[in-house]
């Protein structure tokens, strides 16, 4: 699977399938994220993790624990493991609102899955 060539709808379908198909890494989590993605095929999405269940929201999820803003290109790189979230934050490619620790935890979580 090459996320860098996929459309965002396909990517979010894959995130849903992977997280719910392999719930162990998200079993103890109760957290919500918003993703505001700019550029081609951008938009707002939400991800709620609750006791081993992932829920994808295909619009602005409203009030969340952590909100991330970045380009679709950088989001795809992050999913593929080709972008370090700390470096992206320091370079201004990633903006975080809310709990920054949850943004770092997300990268660690994503590395447990292959996208």
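No value in this document is a laboratory result; all are computed from the given coordinates. Given the structure is predicted, the values throughout are model-derived calculations rather than measurements. Methodologically, a virtual Cβ is constructed for each residue, glycine included, from the backbone with ideal geometry; neighbour enumeration extends over all protein chains shown.
Averaging Cα coordinates gives a centre for region 64-101 and one for region 25-43; these two points are 10 Å apart.
Quick check on the chain: helices-only [θ] at 222 nm, where DSSP H runs of length 4 and up contribute -39,500 (n - 2.57) each and the sum goes over total residues. Nearest 500, please.
Working: 4 runs with 40 residues, N = 115.
So the calculated ellipticity at 222 nm is -10000 deg cm²/dmol.
Which residue fluctuates most in the GNM of the chain (Cα springs below 10 Å): 81, 39, 52? Result: 39 has the largest fluctuation of those listed. What percent antiparallel are the DSSP beta bridges of the chain, to the nearest 5? Percent antiparallel among DSSP bridges in the chain is about 75.
Footprinting exposure proxy ranking of 97, 73, fewest other C-beta atoms within 10 angstrom first, gives 97, 73. The ranking of 72, 108 by Cβ neighbour count inside 10 Å, starting from the fewest, reads 108, 72. Taking the chain as a Gaussian network of alpha-carbon nodes connected by springs under 10 Å, the highest mean-square fluctuation of the residues 35, 75, 89 belongs to 89. Computed from Cα atoms alone, the Kirkwood hydrodynamic radius reported for the chain is 14.0 Å.
Remark: 63, 13 ranked as 63, 13, counting other beta-carbon atoms within 10 Å and listing the fewest first.
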